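Working notes for the structure below.
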Amino acid sequence: MALAILENELLKMGTPKIFGKFDLFDMNDPRYSNVYRSNTGTPSDSTFHPESLFKMIRTRANNKLGTINIPQLYVKTQGSLNSPRLCNIDGPLEISVVNLLIVPSVEWNDMKEGLPSSGKNSNSTIGPSVQGYLTLVSLTGVKSALGTFKMRPLWKEATKGGRVRELFEGSLSFKLVYGDVLKRLGYKDLIQPEFGFWAIRGEA
């Protein structure tokens, strides 16, 4: 489905089940977090700027920390995740996103305080979210490979031209333990603690 058609359908449906290709950006990168949140004193005085963050992310597409593809049909299907943060000596790992579910809401350890859902931004779209598990496409020579993935809508705005701009936020974690054979070949276990990200829809 062409991006313009998809966006028009999203506008009609409000907050739909989340699917498609998304580009991920590090929530802890100060270049983004400083644009998103300005603080005039205490945390309760914080002002949030999701539109400014969206615009900045669009101009820094080369700085993304990965891409995730979520299928439209969650049941008996799987998505994929590619990120240089999750790699071994051969490069980025081939990661599957499985057991996808739509849920009312999600939370994570790295959640920022005081999101636009607090009422400070009328375009906030906190609502139905997606969660699932991460594993490897191939488990040959691997003792275990398991991670978590969560993502929810954060902000949405319709432009005068009828297009929709959307900003999402989420988190993921991953732990990979190799078998003895691969370890002798130089492969090292990977432990990636949970970290937060922002996401925008990628080009099809």
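Every number here is computed from the coordinates shown, using simple stated rules; none is lab data. Owing to the predicted nature of the structure, the values given are computational and were not obtained by experimental measurement. So basically every Cβ, Gly included, is an ideal-geometry build from the backbone, and we count neighbours across all protein chains shown.
Amide H to amide H distances under 5 Å link residue 27 with 196, 197, 198, where only residues 5 or more positions off or on other chains count and H is placed in the peptide plane. Placing pseudo-labels 7 Å out from each Cα toward the beta carbon at residue 157 and residue 87 gives an inter-label distance of 3.4 nm. Count Lys and Arg as plus one, Asp and Glu as minus one, and take only other residues whose Cβ is under 14 Å from that of residue 31; the net charge is then +3.
List the pairs from 55/143; 150/188; 21/160; 21/175; 17/175 whose alpha-carbon separation is above 31 Å, in the order I gave them.
Values: 55/143 42 Å; 150/188 26 Å; 21/160 24 Å; 21/175 23 Å; 17/175 27 Å.
The pairs that break the limit, which is 31 Å between Cα atoms, are 55/143.
From most to least packed by mean Cβ count within 10 Å, the peptides 130-136, 168-174 give 168-174, 130-136. The string of couplings for the range 84-96 from the Karplus curve (6.51, -1.76, 1.60, θ = phi - 60°) is x, 6, 10, 9, 10, 5, 8, x, x, 6, 8, 10, 9 Hz, one whole number per residue in order, with x for Gly and Pro. The Cβ shell under 13 Å around residue 18 holds other residues with a net charge of +4, Lys and Arg each +1, Asp and Glu each -1.
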